[in-house]
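The values are calculated or read from the model by the stated rules, or taken from the named source; none is laboratory data. Everything numeric in this text was worked out from a predicted model, so none of it was measured. Positions of Cβ are generated from backbone atoms using ideal geometry, with glycine treated the same way; all protein chains shown enter the neighbour counts.
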Amino acid sequence: MSVINDLSTDQRVHKHCLLLHQLGFEVLLIGRTTSASKPLDTRPYLTHRMHLPFERGPLFYASFNVVLFFHLLFRKSEILFSNDLDTLLPNFLVARLKGTRLIYDSHEYFTEVPELVSRPKVQAIWRSIERWILPKLTFALTVNASIAELYKKAYGIDMKVLRNMPKPLDKAFKTRKELGLPEDKKIVILQGSGINMHRGSEEAVEAMRYINNAVLLIIGSGDVLDILKRNVKDFGIEDKVIFKGRMPYAEMMAHTQLADLGLTLDKDTNINYRYSLPNKVFDYIQAGIPVLGSDLVEVKRIVQEFSVGQIVESVEPKAIALAITNMLSSDKVSDWKANCIKASKELNWDAESEVLREMIIGIDG
């Protein structure tokens, strides 16, 4: 199992490894380590984090792919499992050389992420790799139906849909006081490992200027956090916004279960975001809290189909503030929460993972 991150917070990959382990495979998860990497928690499968001479830029990607290629080449394996396009080339080459079966999992519409859209020459390189390999794949997954359809139109490949759903959640046993959260105010939460540009966090922070008797709790990491902290200070709303850094999933969800409302506000600034379905949508549902989401195809589908919250048409601070205020005081809150509990029995990893289970059994069978 290959992924380009440092393994510490990737719940999707971790759940895949656990399923393979449960099916009787000896699993090795390969990633990389960085200067900021923390020790991994104990896992029932093997892990290896590669030490590379570079941590970012073209030389990082080149070194990662070369080292991964030789690592895979000289290891015995029945199945290679590549996560995202940035690990696919070495996996594909080794699978061809050794006659090994290959599974590819695209966590997003990779070539349309903002980081590549803004660099067309780099984007063209990744597109050429995608164009060469994807039509040749037999076993492939992605995160929602909209992205699967995009790949179908582009390359004629039929990808199975495996959505990013959490495992069923145990009831929280910690209190707000134990977690250092206010007990006398409503809590609106924005969580995730990618609190980045164009994901509505800047607008959510500014929206707090117009909201009373509530705080915004931001949990996670991302490239916009320093900007958010400056904005909080500039707006003079230090008492309305709480920042907590990246934390283990179970700890994050302990906070989420104590919130009153969950935000998912990605903006339709590119194809990848337009068809995104963030993990946090299912985390909020599993935690039993209503969802306020932006008007994106897949997010809207879940929120409306299961009646677990509302969609805000405009990701502008005042529109967000009005939607938050209305939702926190709405007489529908109890219905939304009840619907979350009902939906959580269907929208969880134990049910969703049958897609991957059937694929692996079919490959191995």
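Working only within the stretch 191-232, note down all residues that are among the charged types (D, E, K, R), in contact (Cβ under 8 Å) with a residue 40 or more places away in the chain and either part of a helix (DSSP H, G or I) or farther than 29 Å from S329 by Cα (or both).
Restricting attention to the stretch 191-232, the residues satisfying the condition of being among the charged types (D, E, K, R) are 199, 202-203, 206, 209, 223, 226, 229-230.
Of the ones still in play, those that are also in contact (Cβ under 8 Å) with a residue 40 or more places away in the chain are 199, 203, 206, 209.
If the condition is that a residue be among the charged types (D, E, K, R), in contact (Cβ under 8 Å) with a residue 40 or more places away in the chain and either part of a helix (DSSP H, G or I) or farther than 29 Å from S329 by Cα (or both), then E203, E206, R209 are the ones that fit.
Could you tell me which residue of the stretch 214-231 is nearest to the chain's Cα centre (by Cα), considering only residues that are at pLDDT 95 or above and either surrounded by 19 or more Cβ atoms within 10 Å (Cβ to Cβ) or small (G, A, S) (or both)?
So the residue we want is I219.
So, in the stretch 321-359, of the ones that are of a type in the set (D, E) and part of a loop (DSSP other than H, G, I, E, B), which residue ends up farthest from A259 (Cα to Cα)?
E346
Given the structure, is P44 in a loop (DSSP other than H, G, I, E, B) and touching a His at 6+ places or on another chain (Cβ under 9 Å)?
yes
Exactly one condition in (1) modelled with pLDDT under 95; (2) over 24 Å from W132 (Cα atoms); (3) within 24 Å of the chain's Cα centre (by Cα) is false for G57; which is it?
All conditions pass for G57, except number (2).
Working carefully through the options L190, L141, find the one that is within 21 Å of L277 (Cβ to Cβ), not basic (K, R) and not assigned by TED's automatic domain parsing to the domain that holds I30. Walk me through how you get there before you give the answer.
Values: L141 fails: not assigned by TED's automatic domain parsing to the domain that holds I30.
Result: L190 is the single residue among L190, L141 that is within 21 Å of L277 (Cβ to Cβ), not basic (K, R) and not assigned by TED's automatic domain parsing to the domain that holds I30.
Restricting attention to the stretch 242-275, which residues are within 15 Å of the chain's Cα centre (by Cα), crowded, with 17+ Cβ neighbours inside 10 Å, in a loop (DSSP other than H, G, I, E, B) and modelled with pLDDT under 95?
Scanning the stretch 242-275 gives R246, D266, Y275.
Hey, can you tell me all the residues within the stretch 118-154 that are buried (at least 19 other Cβ atoms within 10 Å of the Cβ) and more than 25 Å from L80 (Cβ to Cβ)?
If the condition is that a residue be buried (at least 19 other Cβ atoms within 10 Å of the Cβ) and more than 25 Å from L80 (Cβ to Cβ), then S146 is the only one that fits.
May I ask you to list the residues in the stretch 331-360 that are over 24 Å from E298 (Cβ atoms) and either polar (S, T, N, Q) or not assigned by TED's automatic domain parsing to the domain that holds H198 (or both)?
Answer for the stretch 331-360, where residues must be over 24 Å from E298 (Cβ atoms) and either polar (S, T, N, Q) or not assigned by TED's automatic domain parsing to the domain that holds H198 (or both): S334, I360.
Within the stretch 60-75, work out how many residues are more than 24 Å from the chain's Cα centre (by Cα), part of a helix (DSSP H, G or I) and touching a residue at least 40 places away in the same chain (Cβ under 8 Å).
So the first thing to find is which residues in the stretch 60-75 are more than 24 Å from the chain's Cα centre (by Cα), and the list is 62-63, 66-67, 69-75.
Now narrow it down to the ones that are part of a helix (DSSP H, G or I): 62-63, 66-67, 69-73.
Okay, now just the ones that are also touching a residue at least 40 places away in the same chain (Cβ under 8 Å), so 71-72.
So the count comes out to 2.
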